[in-house]
Amino acid sequence: MTTSSITVAPHRFAYGFYRQAWWNWLIGTAFFCGGLGAGLFLISLATGQRLGMILGYLVVVLGKNGAHLLYLGRPERFWRAAMRPDRSWIARGIWASGLFAMSGGILLLPMILGSEWHAAASIATAAKAIAIVSGLFIMFYDGFVMNHSAAIPFWNTQLLPLLILMYATLGGTTLTITLGALQDYESRETAWLEKAEPYLLIANFLLLCVYLLRMSRWTPAAQETVRMWVKGRYARVFFGLIVAVGLIATLMLSVVQQQWQAQGLSLVIAGCELTGDFSLLMLMLKSGLFSPQTAPAFGARGNGI
Amino acid sequence: MARLGMVIDLKRCIGCNACTLACKQENGTPEGVHYARVITREVGTYPTTRRTFLPVLCNHCDDAPCAQACPSGATWIRNDGLVMVDREKCIGCRACAVACPYMNRHFIEKGLLEHGYSTDGLSPYEAIKFAEFEEGTMTKCTFCAPRVDQGLEPACVVTCPTDARIFGDLEPEDGKLQKLIRERKGWTLLPHCNTKPSVFYLDE
């Protein structure tokens with residue numbers, strides 16, 4: 001049996017690859033907000049940008065958690081999602097989100113209220129440490145949520161959490177630069193980030209290539225997804241939005257920005273990068289395929305499928 | 001300790017979908033929810049083509065990925081190996097559906113329980129059976145646990161006109177199921193997923 005002989009099944013009574021239709025745009029939005037918000041918060045923390053920290057915090061707490069709540073079939077029972085951190089990455093993510101919300105809130109409250117934290121510096125230090133660890137966890141755990149099961153071979157690789165982490169870092173970096181540029185370009189503390197961004201974009205591009213190359217040699221279901229990305233129905237989104245807009249245009253404009261610094265250009269760069277980032281997550285979810293339920297009568301017993 | 005399982009003889013299956021209907025009748029599942037179904041494929045090249053059938057249902061895996069993925073503990077495994085869903089604990093995150101390589105988890109969408117198969121609302125039977133479901137939660141095949149607990153076999157097993165399904169305990173080495181699996185080289189679906197299914201297939 002060859003990959004080309006198997007097509008995407010129109011329904012569950014037919015034979016073929018089966019489309020992942022459970023996790024939709026709301027989950028994509030939650031993953032996007034989680035990675036972007038936590039990335040923005042941590043990189044802003046590193047560069048001392050208060051506005052970035054506040055925005056990043058709000059994107060995680062309101063955007064990510066809000067999208068998750070809207071998606072749940074029984075949102076009033078959301079607290080139950082934290083019950084099994086011993087075995088579920090979703091439960092671990094809930095704990096990380098909770099810790100991030102608390103520790104980030106403790107860090108940000110004095111900034112929002114306009115007073116410095118004097119009462120208990122040790123609490124502030126602990127909150128900072130917890131916010132960093134939980135924020136970092138939020139940046140990549142979605143990758144483990146997706147790759148944990150072998151049901152969807154295109155996701156079932158250790159490269160996925162790394163790819164998710166890299167895109168979250170890129171998104172956070174780009175937005176931190178943009179916010180820095182919008183606030184006060186002359187006295188910005190993000191010059192080193194601007195120098196680092198092109199290298200980060202190239203690293204992401206290379207990682208994406210490695211990912212697709214690896215998947216093109218994986219199981220037939222993974223190969224079919226790669227085919228859909230490169231030559232099939234999703235080729236326009238992949239080459240147009242993820243590669244051309246999200247990576248190449250962002251790279252070229254970020255190089256131009258280092259010479260010709262303009263606030264408007266920063267906004268365009270942020271728009272391009274975020275478009276690519278969001279498109280990648282949505283395409284990941286939308287193009288996930290379950291393997292065919294193989295049988296000898298169908299020509300194979302399923303090993304490797 | 002018992003480990004309930006099923007052996008399906010593909011040489012006997014004629015693809016009549018009686019199991020699909022028996023399951024729907026027994027469980028009263030809403031529209032679009034099929035715990036048991038028969039996957040059909042045409043193989044060969046004209047004029048030597050034939051239609052082949054693969055009856056599928058929840059595999060009640062020993063190492064169930066749906067149970068591992070469930071963050072709320074709603075998916076649990078009975079002592080006899082049946083994988084169950086506690087609908088009152090289910091939050092409707094659908095992680096179990098994404099984790100199941102056999103696609104045997106089903107989500108009760110909002111509004112699904114408001115209409116039956118007829119256009120005039122719910123039939124008396126649907127009104128009773130639909131009360132066992134809850135919108136926004138997952139549901140799945142239980143090997144007809146209420147029947148099994150009464151010492152009966154699952155509906156799909158008793159309905160099969162060709163006796164293609166054999167239900168019983170997989171544990172005893174000298175048991176009927178193990179003997180069949182051994183003698184006729186029984187196999188499971190998607191073995192590379194390492195889920196240790198309790199549903200075996202025979203084709204030799």
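List of remarks:
- If the condition is being of a type outside the set (S, T, N, Q), open to solvent by less than 20 Å² (accessible area, probe 1.4 Å) and at negative phi, then segment B:66-92 contributes B:Cys66, B:Ala67, B:Ala69, B:Cys70, B:Pro71, B:Ala74, B:Leu82, B:Val83, B:Cys90, B:Ile91.
- Residue in segment B:80-103 that is more than 10 Å from chain A (Cβ to nearest Cβ), closer than 29 Å to B:Ile166 by Cβ, in contact with a Leu (Cβ under 9 Å, 6 or more places away or on another chain) and β-branched (Val, Ile, Thr) present: no
- Taking the criterion of being under 23 Å from A:Ala168 (Cα atoms) and assigned to a loop (DSSP other than H, G, I, E, B), the residues of segment A:12-36 that qualify are A:Trp23, A:Asn24.
- Among the residues of segment A:85-95, those identified as surrounded by fewer than 22 Cβ atoms within 10 Å (Cβ to Cβ) and either in contact with a strand residue (DSSP E or B) (Cβ under 7 Å, 6 or more places away or on another chain) or in a loop (DSSP other than H, G, I, E, B) (or both) are A:Pro85, A:Asp86, A:Arg87.
- Some residue of segment A:284-304 being under 30 Å from A:Glu194 (Cβ atoms) and either away from every other protein chain (no Cβ under 14 Å) or modelled with pLDDT of 95 or more (or both): yes
- Residue match in segment A:162-170 (condition: surrounded by fewer than 24 Cβ atoms within 10 Å (Cβ to Cβ), over 20 Å from A:Arg87 (Cα atoms) and β-branched (Val, Ile, Thr)): yes
- In segment A:193-202, the count of residues that are within 14 Å of another protein chain (Cβ to nearest Cβ), under 18 Å from the mean Cα position of the chain (by Cα) and buried (at least 18 other Cβ atoms within 10 Å of the Cβ) is zero.
- Complete set of residues in segment A:124-170 that are without any contact (Cβ under 8 Å) to a residue 24 or more places away in the chain, closer than 30 Å to B:Tyr102 by Cβ and small (Gly, Ala, Ser): A:Gly143, A:Ser149, A:Ala150
- Single condition B:Val38 does not satisfy, out of (1) within 11 Å of chain A (Cβ to nearest Cβ); (2) more than 25 Å from A:Gln293 (Cβ to Cβ): (2)
- Every condition in (1) open to solvent by 30 Å² or more (accessible area, probe 1.4 Å); (2) within 14 Å of another protein chain (Cβ to nearest Cβ); (3) closer than 30 Å to A:Trp192 by Cα; (4) among the aromatic types (Phe, Trp, Tyr) holds for A:Tyr57 except the one numbered (2).
Quick grid of which residues meet (1) aliphatic (A, V, I, L, M); (2) in a helix (DSSP H, G or I); (3) open to solvent by less than 50 Å² (accessible area, probe 1.4 Å):
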position	(1), (2), (3)
A:Glu224	no, yes, yes
A:Leu241	yes, yes, no
A:Val245	yes, yes, yes
A:Gln261	no, no, no
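- Between B:Arg37, B:Arg51, the distinction of being among the charged types (D, E, K, R) and touching a residue at least 24 places away in the same chain (Cβ under 8 Å) belongs to B:Arg51 only.
- Some residue of segment A:179-188 being in contact with a Lys or Arg (Cβ under 6 Å, 6 or more places away or on another chain) and either open to solvent by less than 10 Å² (accessible area, probe 1.4 Å) or of a type in the set (A, V, I, L, M) (or both): yes
- Residues (polar (S, T, N, Q) and at pLDDT below 90) located in segment A:1-26: A:Thr2, A:Thr3, A:Ser4, A:Ser5, A:Thr7
- Selection from segment B:148-191 of residues that are of a type in the set (S, T, N, Q) and crowded, with 18+ Cβ neighbours inside 10 Å: B:Thr159, B:Gln178, B:Thr188
- B:Phe200 being in contact with an Asp or Glu (Cβ under 7 Å, 6 or more places away or on another chain), among the hydrophobic types (A, V, I, L, M, F, W, C), assigned to a strand (DSSP E or B) and more than 10 Å from chain A (Cβ to nearest Cβ): no
- Among (1) modelled with pLDDT of 95 or more; (2) away from every other protein chain (no Cβ under 11 Å), the one test that B:Thr75 misses: (2)
- Residue among A:Ala30, A:Ala67, A:Ala81 that alone is under 27 Å from B:Thr139 (Cβ atoms), buried (at least 16 other Cβ atoms within 10 Å of the Cβ) and facing chain B (nearest Cβ under 9 Å): A:Ala81
The values are calculated or read from the model by the stated rules, or taken from the named source; none is laboratory data. Here the structure is a predicted model, which means the values were calculated and not measured. Quick reminder, even Gly has a Cβ in these numbers, built from the backbone with ideal geometry, and neighbours come from all protein chains shown. Ligands, DNA and RNA are stripped out before the accessible areas are found, and what is left, the full protein with its side chains, is counted by its heavy atoms. Shrake-Rupley method; radii C 1.70, N 1.55, O 1.52, S 1.80 Å.
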